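*Asks:* Shown below is the structure under consideration.
The values are calculated or read from the model by the stated rules, or taken from the named source; none is laboratory data. Keep in mind the model is a prediction, meaning the values are calculated, not measured. Cβ atoms come from the backbone with ideal geometry, glycine included; neighbour counts cover every protein chain shown. Heads up: the accessible areas ignore ligands, DNA and RNA and are worked out on the full protein's heavy atoms, side chains in. Shrake-Rupley method; radii C 1.70, N 1.55, O 1.52, S 1.80 Å.
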Amino acid sequence: MSALDDCYNVFDLRDAAKRKLPKAMFEFVDRSTEDEVALRNNRAAFEKIKLRHRSLVDVSGRSTKTTLFGKEIAAPMAIAPTGAAGLCWYEGELELAKAAAKMKIPFTLATGAMTSMEKIAKEANFRLWFQLYVWKQRELSYQLIERAKNNGFEALIVTTDTIVSPNREYNARNGLQLPFTPTVRFTMDIMQKPGWFLNVLMKYLTTIGMPRNENYPEPYRRNIGADPFRQEVMRQDSLNWDDVKIFRDKWPGILMLKGINRVDDALKAVSAGVDGIVVSNHGGRNMDSAAATIDMLPEIAEAVGDKITVLLDSGIRRGSDIVKAVARGAKCVLTGRATLYGTAVGGEAGALKAINIIRTEMDKTMAYTGCNRVDEITTDIFFADRETNRMAAS
Ligand SMILES: Cc1cc2nc3c(=O)[nH]c(=O)nc-3n(C[C@H](O)[C@H](O)[C@H](O)COP(=O)(O)O)c2cc1C
């Protein structure tokens, strides 16, 4: 019996991932920053939204399919960039990308991934997006943009909310600090998870050596133990709207900004000529006082939703969360941890399971709320009580 057989929802996958991964790795994926208020708040904001089911509607022909940037996808769902997939499973990014391709949803490859964009483009080519962290030396970022273009990536997503390195104190406690030097604690931690040691770390060590950030520009493509921030390789604190204009000039495909969480920034994104924004607080991993994205979404979607494509992430764990986000104006959501847990438990099969679970839950929520098509999901489904749902109804 595989560990996946016992998983019926994303929270089960999380528990199974916890059993598989070394503590340092699991916490890196699962936790957020400082007091983890933003992480909890992201979930609480979804959970407090209540829906009204609709009776006696024939929903036997319903579908979760939708159109995003002019092309059909199986559900309003895409995979968020997560630099850690390759440490959850050997070449985890590739496993995740293959699952996304099979399920006909877009996949985003992170700058910090351990699998190269060339390999992903060759082996898992459905709709590929590349997430860009920006180097202080801008020329290096431009090289990456060129590389993504040459590999046929459909979209470039520039992450805008990781201005400085966040306070993830548990990483320091777990010995997962950069530059990496193995501590006794870390070594003990790994020894307690021999499955991960053999099937992930040893597979790298016996093939390519220590995993490397394969998408970094050549001079910096060293192993993941090196510290990009410390060495000033990647510096996000000078990133500004002039950069966005340059990215726009250099990138002919779909350009998105990820990490927008206020209306004025969304309006500036429109002026900068981007095609889409991802309303995101990085899954609560950066600023711990960040507002929940699902709370910010209605005003942002109202301001720019008819001009650019609005996507959302941070806190998606259930298919009903997608329905809520779509009703509040998102064309699509991105999943970070939810699909990463699946990957950690079962590689491609685990990622497929996570996507399937969420898509099926979405389908059921559509059925309960009387929606046959994604474009029928509107604010009409919300229960607007005075306490909790004022924003939903507006
Ligand atoms: C382990 C991990 C690594 C991440 N790495 C990146 C990254 O390299 N670039 C990026 O833009 N976002 C990164 N993110 C943020 C995700 O893209 C996404 O915004 C977030 O996970 C959404 O929240 P959720 O995990 O609640 O779905 C990462 C998230 C996690 C959990």
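*Asks:* Consider only pairs whose beta carbons are under 7 Å apart and that are at least six residues apart or on different chains; among these, list those whose first residue lies in segment 197-208 and is assigned to a helix (DSSP H, G or I) and whose second residue is surrounded by fewer than 15 Cβ atoms within 10 Å (Cβ to Cβ) and modelled with pLDDT under 90.
*Replies:* TYR204/MET210
*Asks:* Any residue at all in segment 354-372 that is in contact with a Phe, Trp or Tyr (Cβ under 9 Å, 6 or more places away or on another chain), open to solvent by 10 Å² or more (accessible area, probe 1.4 Å), closer than 19 Å to GLU47 by Cβ and within 15 Å of the ligand (Cβ to nearest atom)? Steps first, please.
*Replies:* Narrowing segment 354-372 to residues in contact with a Phe, Trp or Tyr (Cβ under 9 Å, 6 or more places away or on another chain): 354, 357.
From what is left, the residues that are open to solvent by 10 Å² or more (accessible area, probe 1.4 Å) are 357.
Among the residues that remain, those that are also closer than 19 Å to GLU47 by Cβ are: 357.
Next cut, within 15 Å of the ligand (Cβ to nearest atom) only: 357.
Checked segment 354-372: at least one residue is in contact with a Phe, Trp or Tyr (Cβ under 9 Å, 6 or more places away or on another chain), open to solvent by 10 Å² or more (accessible area, probe 1.4 Å), closer than 19 Å to GLU47 by Cβ and within 15 Å of the ligand (Cβ to nearest atom).
*Asks:* Here's something else I'd like to know. Among the residues of segment 120-140, which ones are in a helix (DSSP H, G or I) and without any contact (Cβ under 8 Å) to a residue 60 or more places away in the chain?
*Replies:* Of the residues in segment 120-140, the ones in a helix (DSSP H, G or I) are 120-123, 138-140.
The answer is ILE120, ALA121, LYS122, GLU123, GLU139.
*Asks:* Residues that are touching a residue at least 12 places away in the same chain (Cβ under 8 Å) and open to solvent by 20 Å² or more (accessible area, probe 1.4 Å): list the helices (runs of 4 or more DSSP H) wholly contained in segment 1-90 that include at least 2 such residues. Working first, answer last.
*Replies:* Details: elements: 10-20, 23-30, 37-47, 85-88.
It comes to 10-20, 23-30, 37-47.
*Asks:* For segment 303-326, state whether one or more residues are modelled with pLDDT of 95 or more, over 24 Å from GLY276 (Cβ atoms) and not acidic (Asp, Glu). Break it down into steps so the answer makes sense when it comes.
*Replies:* First, the residues of segment 303-326 that are modelled with pLDDT of 95 or more: 303-326.
Filter again for over 24 Å from GLY276 (Cβ atoms), leaving none.
Looking for residues that are modelled with pLDDT of 95 or more, over 24 Å from GLY276 (Cβ atoms) and not acidic (Asp, Glu), one finds none in segment 303-326, hence no.
*Asks:* Note down all Cβ pairs under 6 Å where the first residue falls in segment 292-317 and is small (Gly, Ala, Ser), the second is surrounded by fewer than 23 Cβ atoms within 10 Å (Cβ to Cβ) and part of a loop (DSSP other than H, G, I, E, B), and they're at least six residues apart or on different chains.
*Replies:* ALA301/GLY329; GLY305/GLY329
*Asks:* Considering only segment 76-86, I want to know if a residue exists there that is within 15 Å of the ligand (Cβ to nearest atom), farther than 17 Å from PHE28 by Cα and over 12 Å from the mean Cα position of the chain (by Cα).
*Replies:* Here is the first cut: in segment 76-86, the residues within 15 Å of the ligand (Cβ to nearest atom) are 76-86.
Checking the rest, the ones that are also farther than 17 Å from PHE28 by Cα come to 76-79.
Among the residues that remain, those that are also over 12 Å from the mean Cα position of the chain (by Cα) are: 76.
So far as segment 76-86 goes, yes, one or more of its residues are within 15 Å of the ligand (Cβ to nearest atom), farther than 17 Å from PHE28 by Cα and over 12 Å from the mean Cα position of the chain (by Cα).
*Asks:* Something else now. Out of the residues in segment 331-348 that are within 13 Å of PHE107 (Cβ to Cβ) and within 12 Å of the ligand (Cβ to nearest atom), which is surrounded by the fewest Cβ atoms within 10 Å (Cβ to Cβ)?
*Replies:* Residue satisfying both the conditions and the ranking: GLY336.
*Asks:* In segment 96-141, how many are farther than 16 Å from THR160 by Cα, in contact with a helix residue (DSSP H, G or I) (Cβ under 9 Å, 6 or more places away or on another chain) and either basic (Lys, Arg) or open to solvent by 40 Å² or more (accessible area, probe 1.4 Å) (or both)?
*Replies:* 8
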